[in-house]
Amino acid sequence: MYRQTTLNKPKITAILPHAENAGLRDLFVDGAFYCTVPAALLMQQGLGVGDCFDEQALESLTFAAKLIPAKEKAYQYLEYGDLSRKKLYTKLVQYGIEEPVAEAACSLMEEQGFIDDGRLAESMAHRFAGAKRWGPRRILPEMVQRGIPPELAKEAVAMLDWDYTESIRHYLETKYRRADLSDRKERARVCQGLQRLGFEFEDINSVIIQFTEE
């Protein structure tokens, strides 16, 4: 309990139900609204009307109050699609959420299963290889840029059971269908374009040889 007689400590003068959320309470200190906090936290801290804050209780309540809008913003971002932890954290900080609060919000999203970098890495790798038809050298940096930790990105790409030669052939039959592959300069241009899409030179060269011999 934090019941104190010291006059210079803030005193809880009222605790009222929050108008929009039954799990929250509006806290009034020294006669004025102070913050909105989870009701469970007040019970955990043993705080009630007439109690005064000590430093630890003040820090806990202040942090909890800041965490509420951070969680709400995180849910809003995740409504638009999956995000990596790093990407969600960056968005929250850019929005104006303090870094420790943003970290705590991300941890809560992980605990609740709303963000999972491993699951997202696997899904992203399949989408980039399939729908985008990118090669591994393009897929990996794109995943890291979108907030997937490098080791998870490498693991997801390595686990892909994907025939990149089929993707190369697809580009030769579509994007580069008018290219004269018998011309050295034209062939080099096509190779450079396919390398920018993330394919290995050995795979590109092998497919081009087969393609021109058909």
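The values are calculated or read from the model by the stated rules, or taken from the named source; none is laboratory data. Just so you know, these numbers come straight off a predicted model, no measurement behind them. Here the Cβ positions follow ideal geometry from the backbone for every residue, glycine too, while neighbour counts run over all protein chains shown.
A few comments on the model shown:
- Scope the stretch 48-79; condition at pLDDT below 95, small (Gly, Ala, Ser) and outside any loop (DSSP other than H, G, I, E, B); matching residues: Ala57, Ser60, Ala64, Ala65
- Of all residues in the stretch 54-82, those that are under 15 Å from Tyr34 (Cβ atoms) and surrounded by 16 or more Cβ atoms within 10 Å (Cβ to Cβ) have Cβ atoms under 6 Å from Cβ atoms of residues that are at pLDDT 85 or above and of a type in the set (A, V, I, L, M), 6 or more apart or on another chain, in Leu61/Val37; Ala64/Val37; Ala65/Val37; Lys66/Val101.
- Among the residues making up the stretch 10-44, those that are assigned to a strand (DSSP E or B), in contact (Cβ under 8 Å) with a residue 24 or more places away in the chain and not aromatic (Phe, Trp, Tyr) are Lys11, Ile12, Thr13, Ala14, Ile15, Leu24, Leu27, Val29, Cys35, Thr36, Val37, Pro38.
- Close contacts from the stretch 92-104, counting a first residue that is over 9 Å from Ala70 (Cβ atoms) and a second that is at pLDDT below 95, with Cβ to Cβ under 9 Å and a gap of 6+ residues or different chains, come to Pro100/Phe63; Pro100/Lys66.
- Qualifying positions in the stretch 173-207 - of a type in the set (A, V, I, L, M) and either surrounded by 11 or more Cβ atoms within 10 Å (Cβ to Cβ) or not in a helix (DSSP H, G or I) (or both): Ala179, Leu181, Val190, Leu194, Leu197, Ile204, Val207
Yes or no, residue by residue, for (1) β-branched (Val, Ile, Thr); (2) over 18 Å from Ala129 (Cα atoms):
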{"site": "Arg146", "(1), (2)": "no, no"}
{"site": "Glu155", "(1), (2)": "no, no"}
{"site": "Tyr171", "(1), (2)": "no, no"}
{"site": "Arg178", "(1), (2)": "no, yes"}
{"site": "Ser182", "(1), (2)": "no, yes"}
{"site": "Gln195", "(1), (2)": "no, no"}
{"site": "Phe201", "(1), (2)": "no, no"}
{"site": "Ile204", "(1), (2)": "yes, no"}
{"site": "Gln210", "(1), (2)": "no, yes"}
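- So Asp82, is it part of a strand (DSSP E or B) and at pLDDT 90 or above: no
- Failed item, numbered, when Thr62 is tested on (1) at positive phi; (2) in contact with a strand residue (DSSP E or B) (Cβ under 9 Å, 6 or more places away or on another chain): (1)
- Selection count where residues are closer than 27 Å to Cys106 by Cβ and either free of Cβ contacts under 8 Å to residues at least 24 places away in the same chain or under 21 Å from the mean Cα position of the chain (by Cα) (or both), scope the stretch 133-184: 20
- Residues satisfying the stated conditions in the stretch 147-162, i.e. among the charged types (D, E, K, R) and modelled with pLDDT of 95 or more: Glu151, Lys154, Glu155
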